[in-house]
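Beneath this line is the structure, given in structure tokens, with notes to follow.
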Amino acid sequence: MIHPIRIAAVGRSFSAGWLLAAVFLLLTAKIQPLAAQTVGVAQVPQTTDTPAPAAASVPPAPNAYPEFVGGDAALMQFLGQTLRYPADAYKEGAQGKVDVSFWIDEKGHPYGFGVVESPHPSLAVEALRALRLMPDWLPGRRNGQIAPQLVHVPVVFRRPTSGQ
């Protein structure tokens, strides 16, 4: 016996036999390409006299994120040298990730700093202080053009364990 299959989007039952028959008909039907069916379409001749563009004329990547000069490792090194653990947050045992967002303009200047999330107010203030001291970045591109872009940088504060 063929058990019905329920199609939820349609809300109707179909038997597997009908489904198999429909697939068989679709596979065995002689379908001609669309180009052979159209009438009155002008054919454009293919020419090969146009030279290919030179490799030097390849445009830059259409979309690229801003980048700290030296990459992520250089950014982590900068933050490691610049950040100071706030005394009150340390005494209270506060630690965690401060998510900071800011813009990089067309010249690579960071601006418009804001804290998205922070486990402690003192950690947020310190993360903002350190990030405002950053040097210029390499600007980002949007649709091939240098454009301002929003950047998120997580700044992680971890209290050292007693063994360190």
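The values are calculated or read from the model by the stated rules, or taken from the named source; none is laboratory data. Because the structure is predicted, anything quoted here is derived from the model rather than measured. In this analysis, Cβ positions are derived from the backbone assuming ideal geometry, glycine residues included, and neighbour counts consider all displayed protein chains.
So which residues in segment 81-100 are assigned to a loop (DSSP other than H, G, I, E, B) and not aliphatic (A, V, I, L, M), if there are any at all?
Step one: filter segment 81-100 for residues assigned to a loop (DSSP other than H, G, I, E, B), giving 83-86, 92-95.
Those that are assigned to a loop (DSSP other than H, G, I, E, B) and not aliphatic (A, V, I, L, M): 84, 85, 86, 92, 93, 95.
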With the checklist (1) assigned to a loop (DSSP other than H, G, I, E, B); (2) surrounded by 15 or more Cβ atoms within 10 Å (Cβ to Cβ); (3) of a type outside the set (S, T, N, Q); (4) in contact with a Phe, Trp or Tyr (Cβ under 7 Å, 6 or more places away or on another chain) in hand, flag the one item residue 159 doesn't pass.
-> (2)
Could you check residue 111 against (1) at pLDDT below 95; (2) part of a strand (DSSP E or B) and say which number it fails?
-> (1)
Quick one: what pairs do we get from segment 104-132, first residue within 19 Å of residue 80 (Cα to Cα) and surrounded by 16 or more Cβ atoms within 10 Å (Cβ to Cβ), second of a type in the set (Asp, Glu) and modelled with pLDDT of 95 or more, C-beta under 6 Å, 6+ apart or different chains?
-> 122/88
Residues located in segment 114-126, provided they are part of a strand (DSSP E or B) and in contact with a Lys or Arg (Cβ under 9 Å, 6 or more places away or on another chain) | 117
